[in-house]
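Q: The structure follows.
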Amino acid sequence: MKKTLKTILLCCIALIAVMTLGGCGGKGKYDDSISEMRDQFLKGENQRFTVTLIGGYRETPFEIDGVSGEKGEYSLISVTPKSATAYSAIKVILLDEEGKQEAEGEALKHPYKECFYFEIMSRVPDKQTVRLVYGDSQADIELTSVRGEGEIDGAAALDIALKALSDSLAPYRPKDKFSGEIYVRYIENPLKSDGKYYWYVAFVPAAQPDTSVAALLDASTGAVMATRK
């Protein structure tokens, strides 16, 4: 039963990663293989909306094919209405510390979820004010980081995953260098909103890009919660 629950959890995480189109992390011999390092997670809300922002750097164009290409910074903002009110359009404006506009654009309706999303090709501070414009109304929401004191970072998560999955990765690590793509993502619990956050580390071998080896780590302790080998 426990093994089944772990498998379901990892599958949910993988699905959410694709649905969200998607952080400072690993340095060293694995840099060239990291296709995404998502280490930023901001959140804020008011009575009408919950807003989240995930960011870091990733491959551009983004493609899970076992080959890591050129990378660039990104920030993806998701706006989720709290009620069943139908919003035909939501405009997102990013403001700096002085209230000046830094970026803006029309948020797109998510194809699978009841939310809107807006993406920019740059990283934002860990405190970011977002202005939402909907119809004749607008609201400013301050986003702050959910990362806690003492949590492990992306580099540590990668090291732990490499050790936990060493046997499964051995065929794809000639001369101790992984041949394929690596995805390191700081995520919230995909099964329930319980305030817990994790590092999801996945390895996609160049020789078998339709498969992956992955580990789910507790962000607070670094403990390995589940693996897919």
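Q: Using a Förster distance of 41 angstrom, determine the FRET efficiency expected from the C-beta separation of PHE62 and GLU98, and round it to 0.05.
A: Efficiency for this residue pair is about 0.80.
Q: Picking from MET225, ILE93, PHE178, whose Cα lies most toward the positive end of the charge dipole for region 86-229 (charges on Cβ: Lys, Arg +1; Asp, Glu -1)?
A: Projecting each Cα onto the dipole axis, the largest value belongs to PHE178.
Q: Here's another thing I want to ask about it. Just from its helices, what would the mean residue ellipticity at 222 nm be for the chain, if runs of 4 or more DSSP H residues each count -39500 (n - 2.57) and the sum is divided by every residue, rounded to the nearest 500 deg cm²/dmol?
A: Helix-only estimate at 222 nm: -4500 deg cm²/dmol.
Q: When the gyration tensor of the chain is built from Cα positions, what are the square roots of 5 times its three eigenvalues, in whole Å, from largest to smallest?
A: 32, 18, 16
Q: I'd like the distance separating the alpha-carbon centroids of region 72-94 and region 115-138, in whole Å.
A: 7 Å
Q: Sorting LYS100, LYS71 on the 10 Å Cβ count, fewest up front, what's the list?
A: Going from sparsest to densest Cβ surroundings: LYS100, LYS71.
Q: Can you pull out the GluC sites (Glu not before Pro) in region 104-171 that DSSP calls coil and that have at most 16 other Cβ atoms within 10 Å?
A: Sparse-neighbourhood loop GluC sites (Glu not before Pro): GLU114, GLU149.
Q: Under a 5 Å amide H to amide H cut-off, with H placed in plane at 1.01 Å, what residues pair with GLY66 once short-range neighbours are removed?
A: Distant-sequence amide H within range of GLY66: GLU181.
Q: Dipole size in debye (nearest 20) for the chain around its Cα centre, Lys and Arg Cβ +1, Asp and Glu Cβ -1?
A: Charge dipole, the chain, about its Cα centre: 960 debye, nearest 20.
Q: Next up: Using a basic spin-label model with each label point 7 Å from the Cα along Cα→Cβ, how many nm lie between THR80 and ASP218?
A: 2.4 nm
Q: What dipole magnitude, in Debye to the nearest 20, does region 41-145 give about its Cα centre under +1 on Lys/Arg Cβ and -1 on Asp/Glu Cβ?
A: 380 debye
Q: Positive end of the charge dipole of the chain (Lys, Arg +1 and Asp, Glu -1 on Cβ, about the Cα centre): tell me which of THR80, LEU53, ALA164 has its Cα farthest that way.
A: ALA164
Q: With respect to the cross-link table entries LYS113/LYS192; LYS71/LYS229; LYS91/LYS192; LYS29/LYS229, which display a Cα-Cα separation exceeding 24 Å?
A: LYS71/LYS229; LYS91/LYS192
Q: Work out, step by step, the length gained on full extension between ASP31 and ASN189: first 0.36 nm times the residue separation, then minus their alpha carbon distance; give nm to one decimal.
A: 54.2 nm
Read-outs throughout are calculated quantities, based only on the coordinates presented, and are distinct from any laboratory measurement. None of these values were measured; they are calculated from a predicted model. Neighbour counts run over all protein chains shown; Cβ positions are idealised from the backbone, glycine included.
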